Amino acid sequence: MRSGKLSFDQLVSELARARQPNQLLAKLKSIVESLPLPDALPPARVEHAERIDSGRQLRALGKKWGNCLESYVWNVEHGQCAIYLWRDAGLQAACSVTRSGRLGWFLDEVKGPENTDLEPQDHDKILSAFEAVQIPSAAVISSIAQIVANDNLTWRPRPRRWRVRGAPPPAEMSLPDLM
């Protein structure tokens, strides 16, 4: 979608033309490398979530919630991730949005105070809100990001197993004399 060149079906068709694993990897890397860099941070507000841009606010929230939000300060200040605070009808959650190079922004993690997991319906509601502003779950891109990030990824064929065959039967067989 970000390239504006290929639809999903066209992308699949393009990748399906590869006849060998190395061709597939090269094509995938080429497509990703041709994407434009994300030109901005994700939106300041996503439905009931507001982006926290201040290191001071992140540290204070991390201390209040008893979690690791403080460890995100450097990444937030250097544009590698964004942290959102979701507040709606008693539901509070910290949402981590991470930039994956040219692939764009992805919702990485959603946790409640003290790193508690949310109820599935609450998690789905938050995920849907982020997807509505073109920030899908990081799960949809994790495999591609790992392949592209590994520059020295080479495919090696499995070692060939040689089949050991017994000696061929003799041309003539003689049976022992039983008498």
- Message: Using a probe radius of 1.4 Å on heavy atoms only, what accessible surface per residue do you get for the stretch 25-111? Whole Å² is fine.
- Response: 53 Å²
- Item | In range of the label at L15: residues from the stretch 125-146 whose backbone nitrogen is under 17 Å from the point 7 Å along Cα→Cβ | 136-146
- Task: Excluding residues fewer than 8 places away in the same chain, name every one of the lysines whose C-alpha is closer than 25 Å to that of K111.
- Result: K63, K64, K125
- Message: What do you get for trypsin sites (Lys or Arg not before Pro) in the stretch 17-68 restricted to DSSP loop and a cutoff of at most 13 other Cβ within 10 Å of the site's Cβ?
- Response: R17, R19
- Note down the nm distance, to one decimal, between modelled labels 7 Å out along Cα→Cβ at C68 and at T116. 2.0 nm
- Query: Which whole-angstrom value gives the distance between the alpha carbon centres of the stretch 70-149 and the stretch 1-67?
  - Reply: 11 Å
- Task: Any chance you could look up the accessible area of D39 with a 1.4 Å probe, heavy atoms only, rounded to 10 Å²?
- Result: 150 Å²
- Message: For a test of the definition: using alpha carbon positions, the gyration tensor, and the 1.5 limit on a/c, classify the stretch 66-108 as rounded, prolate or oblate.
- Response: oblate
- Scan the stretch 1-77 for GluC sites (Glu not before Pro) in coil per DSSP, keeping those whose Cβ has at most 11 other Cβ atoms within 10 Å, and list them by number. none
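The values are calculated or read from the model by the stated rules, or taken from the named source; none is laboratory data. Since the structure is predicted, the reported quantities are computational estimates derived from the model, not experimental observations. Cβ sites come from the backbone with ideal geometry, for glycine too, and all protein chains shown count toward neighbours. Calculation scope for accessible area: heavy atoms of the full protein, side chains included, ligands and nucleic acids excluded. Shrake-Rupley method; radii C 1.70, N 1.55, O 1.52, S 1.80 Å.
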